[in-house]
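Undergrad: My structure is below; once you've seen it, I'll send some questions.
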Amino acid sequence: MIDIEKINLPASITGGCSVIAGPCSAESERQTLECARSLSALGVRVFRAGVWKPRTRPGNFEGAGEPALEWLGKVKAETGMMVATEVAGARHVEAALKAGIDILWIGARTTTSPITVQEISEALRGTDVPVLVKNPINAELELWIGAFERLAAAGVTRIAAIHRGFSSYGERIYRYSPQWQIPIELRRRIPGLPIICDPSHMAGRRDLVPHLAQMALDMKADGLFIEVHTDPDHALSDSRQQLSPAQFSQLIGQLEYRSNPTPEDIRFMSPYREELENIDLKIIRDLAERFGVTRGIGEYKNLHNLSILQPERYNAISERLVSEGKRYGLNESFIRLLFETIHAESIRCQIENNNNQQPVI
Ligand code: PEP
Ligand code: MN
(Lines give C-alpha, C1' and ligand atoms only; values in the text may rest on other atoms or scores of the structure.)
(Ligands and ions follow the chains in the order given, each with its own letter.)
Protein backbone atom coordinates (compact mmCIF):
# COMPACT_ATOMS: atom_id res chain seq x y z
CA MET A 1 0.00 0.00 0.00
CA ILE A 2 0.94 3.57 -0.51
CA ASP A 3 2.50 5.40 2.41
CA ILE A 4 -0.03 8.16 3.00
CA GLU A 5 2.34 10.20 5.13
CA LYS A 6 4.53 10.65 2.09
CA ILE A 7 1.82 12.20 -0.06
CA ASN A 8 1.68 15.90 0.40
CA LEU A 9 -1.40 18.01 0.01
CA PRO A 10 -2.16 20.10 -3.06
CA ALA A 11 -0.32 23.15 -1.80
CA SER A 12 2.92 21.27 -2.30
CA ILE A 13 1.85 20.18 -5.74
CA THR A 14 0.47 23.36 -7.19
CA GLY A 15 2.10 25.96 -4.96
CA GLY A 16 -1.12 26.63 -3.10
CA CYS A 17 -3.18 27.10 -6.21
CA SER A 18 -5.92 24.63 -6.88
CA VAL A 19 -6.70 25.58 -10.47
CA ILE A 20 -4.53 24.27 -13.28
CA ALA A 21 -5.47 25.66 -16.69
CA GLY A 22 -4.14 25.88 -20.20
CA PRO A 23 -4.60 24.55 -23.71
CA CYS A 24 -5.02 20.89 -24.54
CA SER A 25 -1.88 21.19 -26.70
CA ALA A 26 0.98 23.61 -27.02
CA GLU A 27 0.50 24.22 -30.76
CA SER A 28 2.95 27.02 -31.44
CA GLU A 29 5.11 29.38 -29.42
CA ARG A 30 2.70 32.22 -30.09
CA GLN A 31 -0.46 30.32 -29.13
CA THR A 32 1.20 28.94 -25.96
CA LEU A 33 2.45 32.33 -24.79
CA GLU A 34 -0.79 34.13 -25.62
CA CYS A 35 -2.82 31.66 -23.63
CA ALA A 36 -0.36 31.75 -20.72
CA ARG A 37 -0.45 35.55 -20.61
CA SER A 38 -4.23 35.69 -20.45
CA LEU A 39 -4.41 33.02 -17.75
CA SER A 40 -1.66 34.63 -15.74
CA ALA A 41 -3.59 37.92 -15.89
CA LEU A 42 -6.58 36.05 -14.43
CA GLY A 43 -4.47 34.87 -11.49
CA VAL A 44 -3.83 31.28 -12.62
CA ARG A 45 -0.54 30.06 -11.22
CA VAL A 46 -0.18 26.66 -12.85
CA PHE A 47 -0.25 26.37 -16.65
CA ARG A 48 -0.95 23.09 -18.44
CA ALA A 49 -0.21 22.24 -22.07
CA GLY A 50 0.27 18.91 -23.83
CA VAL A 51 3.54 18.48 -25.69
CA TRP A 52 3.11 14.81 -26.67
CA LYS A 53 -0.52 13.96 -27.37
CA PRO A 54 -1.67 10.35 -27.32
CA ARG A 55 -4.55 10.42 -29.80
CA THR A 56 -7.13 7.68 -30.14
CA ARG A 57 -6.84 7.58 -33.94
CA PRO A 58 -3.74 8.25 -36.05
CA GLY A 59 -3.66 11.21 -38.37
CA ASN A 60 -4.64 13.76 -35.74
CA PHE A 61 -2.30 16.37 -34.30
CA GLU A 62 0.03 14.46 -32.00
CA GLY A 63 1.69 17.40 -30.29
CA ALA A 64 4.61 19.62 -31.23
CA GLY A 65 7.06 17.42 -29.29
CA GLU A 66 10.32 18.59 -27.72
CA PRO A 67 10.39 22.13 -29.23
CA ALA A 68 7.21 22.83 -27.22
CA LEU A 69 9.16 22.27 -23.99
CA GLU A 70 11.08 25.44 -24.80
CA TRP A 71 7.83 27.38 -25.21
CA LEU A 72 6.82 26.22 -21.74
CA GLY A 73 10.21 27.41 -20.49
CA LYS A 74 9.36 30.83 -21.94
CA VAL A 75 5.97 30.77 -20.17
CA LYS A 76 7.77 30.19 -16.87
CA ALA A 77 10.32 32.90 -17.50
CA GLU A 78 7.79 35.49 -18.64
CA THR A 79 4.82 34.87 -16.32
CA GLY A 80 6.38 33.10 -13.33
CA MET A 81 3.67 30.42 -13.58
CA MET A 82 4.52 26.79 -12.90
CA VAL A 83 4.17 24.61 -15.98
CA ALA A 84 2.74 21.11 -16.32
CA THR A 85 2.80 18.61 -19.17
CA GLU A 86 1.89 15.01 -19.91
CA VAL A 87 4.51 12.26 -20.03
CA ALA A 88 3.76 8.94 -21.70
CA GLY A 89 7.13 7.24 -21.35
CA ALA A 90 10.61 7.40 -19.78
CA ARG A 91 11.98 9.46 -22.67
CA HIS A 92 9.33 12.12 -22.09
CA VAL A 93 10.18 12.24 -18.38
CA GLU A 94 13.86 12.82 -19.09
CA ALA A 95 13.18 15.55 -21.67
CA ALA A 96 10.57 17.29 -19.48
CA LEU A 97 12.81 17.29 -16.41
CA LYS A 98 15.76 18.55 -18.43
CA ALA A 99 13.55 21.39 -19.68
CA GLY A 100 12.56 22.35 -16.11
CA ILE A 101 8.89 21.34 -16.30
CA ASP A 102 7.49 21.74 -12.75
CA ILE A 103 4.66 19.20 -12.72
CA LEU A 104 4.13 16.06 -14.79
CA TRP A 105 0.93 14.19 -15.44
CA ILE A 106 0.31 10.67 -16.63
CA GLY A 107 -2.53 10.53 -19.17
CA ALA A 108 -5.60 8.33 -19.02
CA ARG A 109 -4.40 5.97 -21.75
CA THR A 110 -1.01 5.55 -20.12
CA THR A 111 -2.45 4.76 -16.68
CA THR A 112 -4.02 1.64 -18.23
CA SER A 113 -0.53 0.26 -18.98
CA PRO A 114 1.32 -1.01 -15.88
CA ILE A 115 4.57 -1.56 -17.82
CA THR A 116 4.63 2.04 -19.05
CA VAL A 117 3.71 3.39 -15.61
CA GLN A 118 6.56 1.30 -14.18
CA GLU A 119 9.01 2.72 -16.74
CA ILE A 120 7.87 6.26 -15.95
CA SER A 121 8.24 5.56 -12.22
CA GLU A 122 11.80 4.27 -12.72
CA ALA A 123 12.67 7.37 -14.74
CA LEU A 124 11.39 9.50 -11.85
CA ARG A 125 13.44 7.72 -9.19
CA GLY A 126 15.57 10.22 -7.28
CA THR A 127 13.69 13.30 -8.52
CA ASP A 128 11.13 15.23 -6.47
CA VAL A 129 8.80 16.44 -9.20
CA PRO A 130 5.07 16.29 -8.41
CA VAL A 131 3.13 13.78 -10.51
CA LEU A 132 -0.59 13.86 -11.26
CA VAL A 133 -2.13 10.58 -12.34
CA LYS A 134 -5.23 10.65 -14.52
CA ASN A 135 -7.72 7.86 -14.01
CA PRO A 136 -7.36 4.99 -16.49
CA ILE A 137 -9.68 5.45 -19.44
CA ASN A 138 -11.60 2.31 -18.42
CA ALA A 139 -13.43 2.28 -15.11
CA GLU A 140 -10.95 0.20 -13.14
CA LEU A 141 -10.01 1.65 -9.78
CA GLU A 142 -7.30 -0.96 -9.14
CA LEU A 143 -5.30 0.20 -12.19
CA TRP A 144 -5.45 3.77 -10.91
CA ILE A 145 -4.32 2.71 -7.44
CA GLY A 146 -1.62 0.52 -8.99
CA ALA A 147 -0.12 3.61 -10.65
CA PHE A 148 0.08 5.46 -7.30
CA GLU A 149 1.73 2.42 -5.76
CA ARG A 150 4.31 2.14 -8.55
CA LEU A 151 5.19 5.85 -8.24
CA ALA A 152 5.35 5.68 -4.44
CA ALA A 153 7.58 2.59 -4.61
CA ALA A 154 9.98 4.55 -6.85
CA GLY A 155 10.18 7.26 -4.18
CA VAL A 156 7.83 9.82 -5.75
CA THR A 157 6.28 11.60 -2.78
CA ARG A 158 4.19 14.35 -4.30
CA ILE A 159 1.33 12.58 -5.99
CA ALA A 160 -2.25 13.58 -6.79
CA ALA A 161 -5.08 12.03 -8.78
CA ILE A 162 -6.92 13.60 -11.68
CA HIS A 163 -10.46 12.40 -12.17
CA ARG A 164 -11.21 12.90 -15.90
CA GLY A 165 -14.05 10.43 -16.44
CA PHE A 166 -14.30 6.96 -17.95
CA SER A 167 -15.04 5.77 -21.46
CA SER A 168 -18.23 3.99 -22.36
CA TYR A 169 -19.73 2.81 -25.62
CA GLY A 170 -22.73 4.31 -27.36
CA GLU A 171 -24.67 7.52 -27.12
CA ARG A 172 -24.06 9.58 -24.02
CA ILE A 173 -24.27 13.10 -22.66
CA TYR A 174 -20.70 13.36 -21.43
CA ARG A 175 -17.72 12.38 -23.54
CA TYR A 176 -16.37 10.43 -20.57
CA SER A 177 -18.72 9.36 -17.85
CA PRO A 178 -17.85 10.87 -14.43
CA GLN A 179 -18.76 7.76 -12.37
CA TRP A 180 -18.38 9.82 -9.20
CA GLN A 181 -18.52 6.65 -7.09
CA ILE A 182 -15.00 5.78 -8.30
CA PRO A 183 -13.20 8.89 -6.95
CA ILE A 184 -15.34 8.56 -3.82
CA GLU A 185 -14.06 5.02 -3.35
CA LEU A 186 -10.51 6.20 -4.13
CA ARG A 187 -10.84 8.74 -1.32
CA ARG A 188 -11.95 5.97 1.02
CA ARG A 189 -9.10 3.67 -0.05
CA ILE A 190 -6.33 6.32 0.05
CA PRO A 191 -7.40 9.05 2.47
CA GLY A 192 -5.34 12.19 2.10
CA LEU A 193 -4.60 11.70 -1.60
CA PRO A 194 -5.55 14.96 -3.35
CA ILE A 195 -8.10 14.45 -6.12
CA ILE A 196 -8.27 17.09 -8.82
CA CYS A 197 -11.18 17.06 -11.26
CA ASP A 198 -10.81 17.58 -15.01
CA PRO A 199 -14.31 18.61 -16.13
CA SER A 200 -13.07 19.44 -19.66
CA HIS A 201 -12.33 15.88 -20.78
CA MET A 202 -15.36 14.61 -18.88
CA ALA A 203 -17.70 17.03 -20.64
CA GLY A 204 -16.27 16.94 -24.15
CA ARG A 205 -18.40 20.05 -24.80
CA ARG A 206 -17.64 23.49 -23.45
CA ASP A 207 -21.23 24.24 -22.39
CA LEU A 208 -21.17 21.28 -19.97
CA VAL A 209 -17.86 22.18 -18.31
CA PRO A 210 -19.21 24.68 -15.71
CA HIS A 211 -21.82 22.39 -14.23
CA LEU A 212 -19.33 19.50 -13.98
CA ALA A 213 -16.81 21.82 -12.32
CA GLN A 214 -19.45 22.77 -9.77
CA MET A 215 -20.38 19.14 -9.21
CA ALA A 216 -16.70 18.37 -8.60
CA LEU A 217 -16.52 21.08 -5.94
CA ASP A 218 -19.70 19.73 -4.38
CA MET A 219 -17.95 16.34 -4.24
CA LYS A 220 -15.04 17.97 -2.43
CA ALA A 221 -12.55 17.96 -5.29
CA ASP A 222 -9.18 19.38 -4.21
CA GLY A 223 -8.67 21.26 -7.43
CA LEU A 224 -9.71 21.77 -11.03
CA PHE A 225 -7.82 20.99 -14.24
CA ILE A 226 -9.38 22.95 -17.08
CA GLU A 227 -8.58 23.30 -20.78
CA VAL A 228 -8.43 26.90 -22.00
CA HIS A 229 -7.47 28.09 -25.49
CA THR A 230 -7.36 31.62 -26.87
CA ASP A 231 -9.16 30.44 -30.03
CA PRO A 232 -10.96 27.23 -29.00
CA ASP A 233 -12.80 26.69 -32.29
CA HIS A 234 -9.50 26.46 -34.14
CA ALA A 235 -7.64 24.39 -31.55
CA LEU A 236 -5.70 21.47 -33.07
CA SER A 237 -7.00 19.04 -30.42
CA ASP A 238 -10.11 18.88 -28.23
CA SER A 239 -11.53 22.04 -29.80
CA ARG A 240 -15.11 21.37 -28.68
CA GLN A 241 -14.32 21.24 -24.99
CA GLN A 242 -11.83 24.09 -24.54
CA LEU A 243 -12.99 27.36 -23.00
CA SER A 244 -11.89 30.81 -24.07
CA PRO A 245 -10.10 32.80 -21.34
CA ALA A 246 -13.31 34.87 -20.94
CA GLN A 247 -15.45 31.75 -20.50
CA PHE A 248 -12.92 30.36 -18.04
CA SER A 249 -12.96 33.58 -16.05
CA GLN A 250 -16.77 33.54 -15.96
CA LEU A 251 -16.74 29.93 -14.81
CA ILE A 252 -14.32 30.61 -11.97
CA GLY A 253 -16.38 33.62 -10.91
CA GLN A 254 -19.58 31.57 -10.79
CA LEU A 255 -18.30 28.61 -8.80
CA GLU A 256 -19.79 28.21 -5.38
CA TYR A 257 -17.37 27.03 -2.76
CA ARG A 258 -19.19 24.91 -0.21
CA SER A 259 -18.14 25.26 3.38
CA ASN A 260 -17.59 22.55 5.97
CA PRO A 261 -20.49 22.03 8.37
CA THR A 262 -20.32 23.96 11.65
CA PRO A 263 -21.17 22.21 14.97
CA GLU A 264 -24.58 23.87 14.70
CA ASP A 265 -25.12 22.41 11.18
CA ILE A 266 -24.12 19.00 12.49
CA ARG A 267 -26.60 19.32 15.38
CA PHE A 268 -29.34 20.34 12.98
CA MET A 269 -28.64 17.48 10.56
CA SER A 270 -28.26 14.79 13.18
CA PRO A 271 -31.96 13.78 13.51
CA TYR A 272 -32.11 13.46 9.70
CA ARG A 273 -28.98 11.34 9.74
CA GLU A 274 -30.38 9.13 12.46
CA GLU A 275 -33.58 8.66 10.48
CA LEU A 276 -31.62 7.81 7.32
CA GLU A 277 -29.54 5.29 9.21
CA ASN A 278 -32.68 3.62 10.58
CA ILE A 279 -34.21 3.45 7.10
CA ASP A 280 -30.99 1.95 5.69
CA LEU A 281 -30.97 -0.67 8.46
CA LYS A 282 -34.59 -1.45 7.65
CA ILE A 283 -33.65 -1.89 3.98
CA ILE A 284 -31.04 -4.45 5.06
CA ARG A 285 -33.61 -6.37 7.13
CA ASP A 286 -36.09 -6.26 4.22
CA LEU A 287 -33.41 -7.55 1.85
CA ALA A 288 -32.57 -10.39 4.23
CA GLU A 289 -36.24 -11.32 4.34
CA ARG A 290 -36.50 -11.06 0.56
CA PHE A 291 -33.56 -13.37 -0.05
CA GLY A 292 -34.97 -15.83 2.51
CA VAL A 293 -38.05 -16.09 0.28
CA THR A 294 -35.73 -16.34 -2.76
CA ARG A 295 -34.03 -19.40 -1.28
CA GLY A 296 -37.42 -20.99 -0.65
CA ILE A 297 -38.61 -20.59 -4.23
CA GLY A 298 -35.16 -21.70 -5.44
CA GLU A 299 -35.56 -24.98 -3.56
CA TYR A 300 -38.96 -25.51 -5.14
CA LYS A 301 -37.57 -24.87 -8.64
CA ASN A 302 -34.74 -27.27 -7.95
CA LEU A 303 -37.05 -29.98 -6.65
CA HIS A 304 -39.33 -29.68 -9.69
CA ASN A 305 -36.51 -29.32 -12.16
CA LEU A 306 -37.52 -25.79 -13.22
CA SER A 307 -35.01 -23.27 -14.60
CA ILE A 308 -33.93 -20.59 -12.13
CA LEU A 309 -34.23 -17.75 -14.61
CA GLN A 310 -37.81 -16.99 -15.61
CA PRO A 311 -37.37 -13.97 -17.93
CA GLU A 312 -41.10 -13.32 -18.66
CA ARG A 313 -41.81 -13.10 -14.96
CA TYR A 314 -38.85 -10.76 -14.41
CA ASN A 315 -39.81 -8.46 -17.30
CA ALA A 316 -43.39 -8.17 -16.07
CA ILE A 317 -42.44 -7.40 -12.49
CA SER A 318 -39.70 -4.97 -13.46
CA GLU A 319 -42.17 -2.79 -15.42
CA ARG A 320 -44.47 -2.80 -12.43
CA LEU A 321 -41.65 -1.74 -10.13
CA VAL A 322 -40.60 1.07 -12.44
CA SER A 323 -44.14 2.45 -12.66
CA GLU A 324 -44.58 2.18 -8.90
CA GLY A 325 -41.26 4.00 -8.49
CA LYS A 326 -42.46 6.74 -10.83
CA ARG A 327 -45.60 7.15 -8.76
CA TYR A 328 -43.34 8.07 -5.83
CA GLY A 329 -41.12 10.34 -7.92
CA LEU A 330 -38.15 7.94 -7.95
CA ASN A 331 -35.67 8.08 -10.79
CA GLU A 332 -36.43 5.41 -13.41
CA SER A 333 -32.86 4.42 -14.21
CA PHE A 334 -32.07 4.17 -10.51
CA ILE A 335 -35.01 1.80 -9.98
CA ARG A 336 -33.96 -0.31 -12.97
CA LEU A 337 -30.37 -0.52 -11.76
CA LEU A 338 -31.42 -1.32 -8.21
CA PHE A 339 -33.71 -4.16 -9.24
CA GLU A 340 -31.29 -5.51 -11.85
CA THR A 341 -28.79 -5.82 -8.99
CA ILE A 342 -31.33 -7.42 -6.69
CA HIS A 343 -32.42 -9.81 -9.43
CA ALA A 344 -28.83 -10.80 -10.22
CA GLU A 345 -28.21 -11.48 -6.53
CA SER A 346 -31.43 -13.46 -6.37
CA ILE A 347 -30.22 -15.75 -9.17
CA ARG A 348 -26.82 -16.10 -7.54
CA CYS A 349 -28.46 -17.08 -4.22
CA GLN A 350 -30.58 -19.76 -5.86
CA ILE A 351 -27.64 -21.29 -7.73
CA GLU A 352 -25.50 -21.23 -4.61
CA ASN A 353 -28.27 -22.74 -2.48
CA ASN A 354 -29.20 -25.42 -4.96
CA ASN A 355 -25.67 -26.51 -5.71
CA ASN A 356 -24.84 -26.24 -2.04
CA GLN A 357 -21.42 -25.06 -3.09
CA GLN A 358 -19.08 -22.10 -2.75
CA PRO A 359 -20.51 -18.74 -3.87
CA VAL A 360 -21.00 -18.49 -7.61
CA ILE A 361 -20.41 -15.01 -8.98
C1 PEP B 1 -5.14 16.07 -21.71
O2 PEP B 1 -5.24 16.43 -20.52
O3 PEP B 1 -5.01 16.85 -22.66
C4 PEP B 1 -5.26 14.64 -22.02
C5 PEP B 1 -4.77 14.11 -23.13
O6 PEP B 1 -5.93 14.00 -21.12
P7 PEP B 1 -6.45 12.49 -20.97
O8 PEP B 1 -5.25 11.66 -20.73
O9 PEP B 1 -7.34 12.63 -19.80
O10 PEP B 1 -7.20 12.14 -22.24
MN1 MN C 1 -7.16 17.47 -24.16
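Undergrad: Share of the chain's accessible area from carbon and sulfur, percent, 1.4 Å?
TA: Percent of accessible area from carbon and sulfur atoms in the chain: 54.
Undergrad: On to the next question. What order do T116, T85 take when sorted by accessible area (1.4 Å probe), most exposed first?
TA: Sorted descending by solvent-accessible area, the residues read T116, T85.
Undergrad: Still on this structure, I have one more. Just to verify a number: what accessible area does E312 come out at with the full protein assembly present, 1.4 Å probe, Å² rounded to tens?
TA: Around 130 Å² of this residue is reachable by solvent.
Undergrad: Let me ask another. For the chain, take the longest principal axis of its alpha carbons; what is the angle in degrees between that and the long axis of helix 263-303, to the nearest 10 within 0 to 90?
TA: Helix 263-303 and the main axis of the chain meet at about 50 degrees.
Undergrad: Also, I was wondering about something else. Averaging the inverse of every distinct alpha carbon separation and then flipping it gives the Kirkwood radius. What is it for the stretch 243-330, in angstrom units?
TA: 18.8 Å
Undergrad: Sort the stretch 152-310 into rounded, prolate or oblate with this rule: let a ≥ b ≥ c be the square roots of the eigenvalues of the Cα gyration tensor; rounded if a/c is under 1.5, and if a/c is not under 1.5, prolate when a/b is larger than b/c, oblate otherwise.
TA: It is prolate, given that a/c is not under 1.5 and a/b is the larger ratio.
Undergrad: Which residues among the stretch 235-267 fall inside the zone where the amide N is under 15 Å from a point 7 Å beyond the Cα of E277, along Cα→Cβ?
TA: 266-267
Undergrad: How many nm is it between the label spots at N331 and Q310, if each spot is 7 Å from the Cα in line with the beta carbon?
TA: About 3.2 nm separates the two model spin labels.
Undergrad: Place the peptides 271-284, 332-345, 186-199 in order of packing, highest mean first, counting for every residue the other Cβ atoms within 10 Å and averaging per peptide.
TA: Highest mean packing first, the order is 186-199, 332-345, 271-284.
Undergrad: Hey, any idea what the orientation-averaged projected area of the convex hull of the chain's Cα atoms comes to, in nm²?
TA: For the chain, averaging the hull's shadow over all directions gives 22.8 nm².
Undergrad: Measure nothing fancy, just the Cα-based angle from helix 114-124's long axis to the longest principal axis of the chain, in degrees from 0 to 90, nearest 10.
TA: Tilt of helix 114-124: around 40 degrees.
Undergrad: While we're here: Give me the net charge of E27's neighbourhood, meaning all other residues with Cβ under 12 Å from the Cβ of E27; Lys, Arg count +1, Asp, Glu -1.
TA: Taking every other residue near E27 into account, the sum is -3.
Undergrad: On C-alpha positions alone, give me the angle between the axis of helix 209-218 and the longest principal axis of the chain, in degrees, nearest 10.
TA: Helix 209-218 sits at roughly 70 degrees to that axis.
Undergrad: Once the other residues with Cβ under 13 Å from the Cβ of P271 are scored (Lys, Arg +1; Asp, Glu -1), what is the net sum?
TA: Local charge sum for P271: -2.
Undergrad: Show T79, T110 ordered by accessible area, largest first, where the area counts protein heavy atoms only and the probe is 1.4 Å.
TA: Of T79, T110, the descending order of accessible area is T79, T110.
Undergrad: Cα centroids of the stretch 324-350 and the stretch 102-170: how far apart, whole angstrom?
TA: So the separation of the two Cα centres works out to 35 Å.
Undergrad: Counting only protein chains, not ligands or nucleic acids, how are M82, M202, M219 ordered by accessible area (probe 1.4 Å), most first?
TA: M219, M82, M202
Undergrad: Over the chain, what is the percentage of antiparallel beta bridges among all DSSP beta bridges, to the nearest 5?
TA: That works out to approximately 5 percent antiparallel.
Undergrad: What FRET efficiency, computed as 1/(1 + (r/R0)^6) with R0 = 35 Å and r the Cβ-Cβ distance, is obtained for D207 and I284, rounded to the nearest 0.05?
TA: Plugging the Cβ-Cβ distance into 1/(1 + (r/R0)^6) gives 0.25.
Undergrad: Got a sec? Which residues in the stretch 334-357 would a label at S323 touch, if it sits 7 Å along Cα→Cβ and we count backbone N under 19 Å?
TA: 334-337, 339-340
The values are calculated or read from the model by the stated rules, or taken from the named source; none is laboratory data. In this text, all values refer to a predicted model and were calculated from it rather than measured experimentally. Cβ: placed from backbone, ideal geometry, glycine included. Neighbour counts: every protein chain shown. Accessible surface areas use protein heavy atoms only, side chains included; no ligands, DNA or RNA. Shrake-Rupley method; radii C 1.70, N 1.55, O 1.52, S 1.80 Å.
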